[in-house]
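Beneath this line is the structure, given in structure tokens, with notes to follow.
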Amino acid sequence: MDVKQLKQELIAYSKEIGIDKIGFTTADPFTELKNRLIRQQELGYQSGFEEPDIDKRVTPGLLLEEPRSIISIALAYPSKMTVRVEGKKGERRGIFSRASWGLDYHHILRDRLKKLEEFINTKAPDARVKSMVDTGELSDRAVAERAGIGWSGKNCAIITPEFGSYVYIGEMITSLPFAPDTPIEDQCGSCTKCLEACPTSALVQGGQINAQRCISFLTQTKGFIPDEFRDKIGNRVYGCDSCQTACPHNKGKNFHFHDEMEPDSEVAKPLLKPILKLSNREFKNQFGYVSGSWRGKKPIQRNAIMALAHFKDETAVPDLIEVLENEASPVSRGTAAWALGKIGGETALFALKSALTRESDKDVLTEIEKGLKFYR
């Protein structure tokens, strides 16, 4: 079998099936990455969502028997909505990050990788392959960087010359010895705009992030948001794009190549108050197809409560009181108490004082006290 010819056929086929960029690299261990990951772990900078076994994250040979190469793919996603909606007084809106617009990117990338697998199997039936996206063991960014998809920016995203960092990436380990492509030289230079734009200073330095401070991570957690971050989250209900929108390499980058990535503006930028009343079924029906729904309804509702506090939306006070009095989740009740104090007013104050007499959860009581402190 002519592997060189197969590589060219794969590149041509990838364009036919809607892959915007494809690159090839060896299946050698990512030894430099291992040291960085160990350091991240020692500093407590990991999110906890990663594969816990660092060796698996850097050693393709632990994931596929006798691997010879890795194929990396990238698909460009939109940075602007074609149909815009604006919030207004009494009808405030939240925002999902761009990576959660349209159909969950895991499904899109897996579809493209599956098609690549099937193409390889028709040409090389004995080939072994293993594909993964985001939740797999390997570091998508490390593979993409080495495969020449883009360079790893100071914002810890892969930046491509063609599409900026607005790309989804995934990879496939193979037993075929494809010739590796050349990595792209880092083009960030002395620019530090992403570091300066990060609302929580999560970007410790270029290429290093403390995930525990990252708004994208914080919006996906399930507990109470630490006090120091609540005001900084703004109206984000899932994810954060600040380090991407600040990047000069993303200026003017907006691609609408894939229909399944097109956002429904009412989902990508949803009205906040209705989120507080959604049942699990209603949440799944409205948001279940986007990647931002993966942690379920509660984190999104908590974030919507904080967003209403951010806007100091007085029209949301009755809805927040309803959450404070009747919601089963202590996190939702407590966050609503804090939000009522933040918004203020006599109605909110009366509700907080009433809740103080009947609430039994100590964490919620703490949040009620925080809400009352806004009046002192």
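Just so it is clear, none of the values below were taken in a lab; they were calculated from the coordinates. The shown structure was predicted, so the numbers you read here are calculated from the model rather than taken from an experiment. Every residue, glycine among them, receives a Cβ derived from its backbone with ideal geometry; neighbour counts consider all protein chains shown.
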- Helix-only [θ]222 nm of the chain, DSSP H runs n ≥ 4, -39500 (n - 2.57) each, per residue, nearest 500: -12000 deg cm²/dmol
- Where a Cα-Cα gap under 29 Å defines reach, which lysines qualify for residue 115, not counting those fewer than 8 residues away within the same chain? 4, 7, 15, 21, 56, 80, 123, 130, 253, 284
- How large is log10 I(q)/I(0) at q = 0.07, 0.12 Å⁻¹ when the Debye formula is applied to the Cα atoms of the chain, each weighted equally and without solvent? -0.36, -0.94
- List the cysteines in the chain whose Cβ has no other cysteine Cβ under 4.7 Å from it. 156, 188, 191, 198, 214, 240, 247
- Query: Against the longest alpha carbon principal axis of the chain, how many degrees, from 0 to 90 and to the nearest 10, is the axis of helix 297-311 turned?
  - Reply: 60 degrees
- Could you give the Stokes-Einstein D for the range 313-376 in µm² per second, using the C-alpha Kirkwood radius, 25 °C, 0.890 mPa s? 224 µm²/s
- Message: Just want the answer: with Cβ charges of +1 for Lys and Arg and -1 for Asp and Glu, which residue in 347, 25, 127 is farthest toward the dipole's positive end in the chain?
- Response: 347
- May I ask which residue of 286, 335, 255 lies farthest towards the positive end of the charge dipole of the range 252-338, with charges of +1 (Lys, Arg) and -1 (Asp, Glu) on Cβ and the Cα centre as origin? 335
- Message: Using only Cα atoms and rounding to the nearest 10 degrees, what angle (0 to 90) does helix 317-326 make with the longest principal axis of the chain?
- Response: 90 degrees
- Query: Shape call for the range 14-89 from the C-alpha gyration tensor, a ≥ b ≥ c root eigenvalues: rounded (a/c under 1.5), prolate (a/b greater than b/c) or oblate?
  - Reply: oblate
- Extension reserve of the residue 53-residue 182 stretch, reckoned as 0.36 nm per residue once the Cα distance is removed: 43.6 nm
- Query: So for the pair residue 3, residue 63, with labels modelled 7 Å out along Cα→Cβ, what separation do we get in nm?
  - Reply: 1.9 nm
- Rounded to the nearest 10 degrees, what's the angle between the helix 3-16 long axis and the longest principal axis of the chain, both from Cα atoms, 0 to 90? 40 degrees
- Where the only charges are on Cβ atoms (+1 Lys, Arg; -1 Asp, Glu), what is the dipole of the range 313-376 about its Cα centre, to the nearest 20 debye? 340 debye
- Task: Enumerate by residue number the trypsin sites (Lys or Arg not before Pro) in the range 164-265 meeting two conditions: DSSP loop (anything except H, G, I, E, B), and at most 13 other Cβ atoms within 10 Å of the site's Cβ.
- Result: 222, 251
